[in-house]
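Comments concern the structure below.
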Amino acid sequence: MRTKAREGPSLYRIIVNPSAGAGKAAAILPEVEAVLREKGLTYDIAATMAPWDAAVLSAQAAAEHVEGVVAIGGDGTFFEVCNGLAETGTALYVVSCGTGNDFVRSLPLPKDPIEALRLQLNTPLRPVDAGAASKFRFLNVAGAGFDVEVLRQTERYKSRFHGIISYLLGVIRTVRIYRPFHGILEVDGERVEGDFTLVVFANGQYYGGGMRVARKADPCDGYFDVLWVPALSKARICTLLPLFMPGWYDRLKVVRRVRAKTARLISPGLTVNMDGELRDMDDTQFRLLAGALRMGLPERKR
């Protein structure tokens, strides 16, 4: 669905997922429009109606040479928009109104989504990295193993709880039932074959509603942070969980971390998590797409 909001050719396209954040995205749309009108920007609006609509709509926007896409939704919406916009040159502006809002946690933006949009529109564009997992693109974090099962189990609780609570309940249930997967990881010239509890390819730092899986990852540095954990007992996993949320688990000897631009993960029947979206992928090639997107972000204070 598309409605013209101002006369003249549209310079910006608002892509909104009305169901994101239990309706928060639809509710905030008038405020987003007001911000664009304040700046005298022409725009039109496209609402998603089904999965993958945001990818199609953003690719259409890039093909029509609009200056920027304003994406209103959560990490799932941004994942789709990334698949439409990566390496096109069309700018991305994010209005985070989802459940977890993990990607924006790694960005130097205000927590308030409207204030964050104002800052993005008033800041010069800069290159931001994306990741490729075979044919898909992702903005934030891809992984396999424990996190995939957590996402599956979290769905059991989302109707009653939101954000980090449903995720933590999913973690507790996963600890009880999880079994490591066997696979081959190739990264940075190293080949590791064995049983894994977790493998992560991080462009951003957070997933699962605030779990800091890669505390040193930077979506503007041109590298993935690749972390992997070998098979662990349930008791050992329980002792690591308190360190996992703030990200300090990566200091342990059992955890390996490298910075890399390419990697490969092979495991028949494996499911890969990309920004909270699950896909079955037996053999996945990961590539860091340096500067694949343009966003209005201030320089991070060091």
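The values are calculated or read from the model by the stated rules, or taken from the named source; none is laboratory data. The structure presented is a predicted model; accordingly, all values stated were derived computationally and were not measured. Every residue, glycine as well, gets a Cβ built from its backbone with ideal geometry; the counts of neighbours run over all protein chains shown.
Just one of I266, I237 is outside the structural domain of G100 (by TED's automatic domain parsing) and either within 17 Å of the chain's Cα centre (by Cα) or within 19 Å of R152 (Cβ to Cβ) (or both); which is it? Selected residue: I237, the only one of I266, I237 that is outside the structural domain of G100 (by TED's automatic domain parsing) and either within 17 Å of the chain's Cα centre (by Cα) or within 19 Å of R152 (Cβ to Cβ) (or both). Within the stretch 51-62, no residue that is of a type in the set (G, A, S) sits with its Cβ atom under 6 Å from a residue that is surrounded by fewer than 18 Cβ atoms within 10 Å (Cβ to Cβ) at 6+ positions apart or across chains.
For the stretch 113-160, name all the residues that are closer than 30 Å to E299 by Cβ and in a loop (DSSP other than H, G, I, E, B).
Result: N122, T123, P124, L139, N140.
Only a single criterion out of (1) touching a helix residue (DSSP H, G or I) at 6+ places or on another chain (Cβ under 6 Å); (2) outside the structural domain of G222 (by TED's automatic domain parsing); (3) over 23 Å from D280 (Cα atoms) is not satisfied by A130, namely (3).
Being of a type outside the set (K, R), surrounded by fewer than 18 Cβ atoms within 10 Å (Cβ to Cβ) and modelled with pLDDT of 95 or more is a description that applies to T123.
Here the condition is being touching a helix residue (DSSP H, G or I) at 6+ places or on another chain (Cβ under 7 Å), without any contact (Cβ under 8 Å) to a residue 60 or more places away in the chain and in a strand (DSSP E or B); of I15, I72, I45, it holds for I72 alone.
Taken over the stretch 28-40, the criterion of being in a helix (DSSP H, G or I) and either in contact (Cβ under 8 Å) with a residue 24 or more places away in the chain or in contact with a Lys or Arg (Cβ under 6 Å, 6 or more places away or on another chain) (or both) is satisfied by I28, L29, E31, V32, E33, V35, L36, R37.
Scan the stretch 256-302 for residues that are in a loop (DSSP other than H, G, I, E, B), touching an Asp or Glu at 6+ places or on another chain (Cβ under 8 Å) and modelled with pLDDT of 95 or more and the total you get is 5.
The conditions of being among the charged types (D, E, K, R) and surrounded by fewer than 14 Cβ atoms within 10 Å (Cβ to Cβ) are met by K253. Restricting V35, V66, V56, V81 to those that are over 19 Å from the mean Cα position of the chain (by Cα) and closer than 30 Å to L289 by Cα reduces the list to V66.
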